[in-house]
Amino acid sequence: MLAFGLALTACGFHPIYKVSGQNYGNGVPVLAALAVPDTANGRALSAALRGRWQSADDALFAVRLTLSETARDGQFNAAGVPQRVDIEYQLGALITRMGDGEGRGQSTSFVLRHSESMTRSDSGAADLTQRRSLARLAMQALADRLVLRLSREMAE
């Protein structure tokens with residue numbers, strides 16, 4: 001086990017909970033601002049990100065997020081009626097370098113995607129409830145991936 005650990009650290013692996021430097025506070029990204037859309041999915045994403053980043057006026061980065069949701073019918077029955085709905089959630093992130101130093105105003109961006117699928121029911125209310133639950137789960141998954149990606153982007 002010790003040999004594995006030494007080999008892993010020799011290749012440059014750094015665990016996420018060991019991130020340090022001026023871009024991190026207590027292992028979480030420190031941002032000048034994090035702009036999240038004011039939509040139902042944006043509020044769910046904000047809730048999933050709560051406590052996973054810190055705000056500081058002198059932080060080196062600001063992040064602006066965009067969210068989109070695309071649904072399409074799938075798996076049709078013999079009568080041509082759709083039985084499933086496939087939903088893709090897309091999170092776009094624009095990271096802007098802040099501060100007075102070199103690289104100020106430079107931006108980088110990336111897109112994260114998450115897909116879900118649900119079975120249609122005979123009740124519109126049940127479908128809506130199921131779709132909202134899937135959206136909350138998707139926002140949690142996207143928040144997890146966003147924090148990891150921000151950690152990587154800000155460390156470079």
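No value in this document is a laboratory result; all are computed from the given coordinates. Small disclaimer: the values here were computed from a predicted structure and weren't measured. Here the Cβ is made from the backbone with ideal geometry for all residues, glycine too, and neighbour counts use every protein chain on show.
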Per-residue Cβ contact counts at 10 Å, fewest first, order 110, 61, 76 as 76, 110, 61
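Express in nm, to one decimal, how much length is gained between residue 83 and residue 123 on full extension, taking 0.36 nm for each residue of separation and deducting their alpha carbon distance. List each step's numbers first, then the result.
Working: separation 40, 0.36 × 40 = 14.40 nm, distance 1.26 nm.
Going from the current span to full extension adds 13.1 nm.
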